Amino acid sequence: MLDNVPYFSYIISAFIGIGLAAATGFRVFLPMFIVSLASYFNWIPMNEHFEWLAGLPTLITTGIATIIEILAYYIPFVDHLLDTVSIPMATVAGSILFASQFADLGTFPQWALALIAGGGTAATISSGFAGIRAASTATTGGLGNSMVGTTETAGAGIMSVLAMAAPVIAAIFALITLIVVIVFGRKAWKKFKSTKSNSQKL
């Protein structure tokens, strides 16, 4: 019955794309690994233009990168360094995963949507958590960063699975996450700047 709804397939693709893009905002490589794993074992279909995502080299590469990324965020100061490159990397990864859902749309609209919706979602969430981590570093000396890192890893895994299994729910969670991250990320960044300013005065 829902198949008769105009552009229904595009709507579902958008929900999946937003969910996957949000997941890359938490962790860059984990969502790509999960998508690669699922497509490699034919659990989900993959458009011919993105068959490289289903290939064994991509699966191995993203798997190794995922392990390194997750562990690196538990190393003091290294996590802060990763934040400086995570936002552009998340933007690229979010755009790719979003675009993979619209391969039959045409090159220009496909990548325009991918950069705006996918890349924008990923970049917003990634930058929000970078602000939260910076505030955590300033207020707890980095002791609270492991909790932030664990939350990000869990969020990436849950959002990736939801995007493929329950796209509508994933899209709703992505929207909620965006709002929460923007609000708390902004507050955390202001707190970080205030703490840094006070320490410089002393």
Candidates SER126, SER100, SER39, ranked by Gaussian network fluctuation over the chain, Cα under 10 Å, top entry: SER39
Gaussian network model of the chain, springs between alpha carbon atoms under 10 Å - residue of THR24, THR107, THR137 with greatest fluctuation: THR107
Value of [θ]222 nm, deg cm²/dmol, for the chain, DSSP H segments ≥ 4, -39500 (n - 2.57) each, nearest 500: -26000 deg cm²/dmol
Only Lys, Arg (+1) and Asp, Glu (-1) charged, at Cβ; the chain dipole about Cα centre in debye: 1160
Which label in (i) 10.4; (ii) 11.7; (iii) 11.1 gives the computed mean projected area of the Cα convex hull in nm²: (ii)
Residue with peak Gaussian network fluctuation, the chain [Cα springs, cutoff 10 Å], from MET32, MET159, MET147: MET147
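FYI, it's all coordinate maths here, none of it is from the lab. Because the structure is a prediction, the values reported are computed rather than measured. Neighbour counts are summed over all protein chains in view; Cβ atoms, including those assigned to glycine, are modelled from backbone coordinates with ideal geometry.
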